[in-house]
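Below is one structure, written out as structure tokens; comments come after it.
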Ligand SMILES: Nc1nc2c(ncn2[C@@H]2O[C@H](COP(=O)(O)OP(=O)(O)OP(=O)(O)O)[C@@H](O)[C@H]2O)c(=O)[nH]1
Ligand SMILES: [Mg+2]
């Protein structure tokens, strides 16, 4: 009994399926990252077929005691709210979008979220461009495909894409789109560019 | 543009984590904490038959899962953290009251190419 599955399917997935139940259901996920107030929830809401839901993830981490050098590092549990939406792709594929907090102290959470993800949309507000650096660092380090999405806030138009790529220190030609996070078609376009990029990188 | 990503120190607390992959053939139980947040669950016939006698949370999960639900949706439905939803779902799956549909990834830990192609087709058709 050879337990090696060529496709690497994770685990014995569909035991005990009711007769007639769909056996080939497959979830996919895309992360939506970026700084505070950059439009993550708005983008998820624009794409989702259900109103965005919110879920909580509990994170256990070692507090580093930076606020008080006398504190012995101790285990702390933090609860992080995360919103998500759902897009039915076809009769068996369901895509989930997870809006993720953008600070690097949430990396513990990102590790779990990034596992098996198609990729990430990194939302950027050009008025606060450095808010997205942590996310870009993270996805680059983990080799997760990502697209840079410049959100159309007032006063952010007319900026040269190559200057933005340069400031973000992403390679020339790295996928970059302009989005209005409130607009479904615009957000869909960002996902398409991301998936094309992921496909170009896949073997 | 006054800020440049190269001009600042590396992100603080950069934890280097080995690339995780759903390695082919890795043996593990579904009840483990590996069930990802997007894993889908569907109620089994047995689960639906037994639902009326279940504790309220288990019953709510099984009955909601007549339509596929992700672990994230179960958590939102019950108003509990993902970790709690994962335990409840794992217990129900162990008793065959729920079927769990896990993501399909290649040896590189990324969704397989044909899935990306189907995803692309689906998005373009929107
Ligand atoms: N003009 C404009 N406003 C936007 C756009 N996207 C989002 N906003 C507005 O920006 C504000 C913040 O958007 P959110 O979607 O809540 O941002 P978020 O990233 O989820 O914020 P946090 O979860 O608090 O970090 C809201 O008032 C949105 O209406 C956009 O594309 N254009
Ligand atoms: Mg939000």
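Read the figures in this text as sums done on the coordinates, not as results from a lab. Note that the coordinates shown come from a computational prediction; the quantities given were computed from them, not determined experimentally. Ideal geometry is used to build each Cβ from the backbone, glycine not excepted, and the neighbour counts take in all protein chains shown.
Its alpha carbons give the range A:109-203 an Rg and a Dmax of 13.0, 40 Å. Per residue of A:114-122, other chain Cβ atoms within 10 Å of the residue Cβ number 5 on average.
As a rough guide to protection, the peptides A:31-39, A:159-167 ranked by mean Cβ packing within 10 Å, highest first, stand as A:31-39, A:159-167. Peptide A:169-175 shows a mean partner chain C-beta count of 1 within 10 Å per residue C-beta. Counting Cβ atoms of other protein chains within 10 Å of each Cβ in A:38-44 and taking the mean gives 0.
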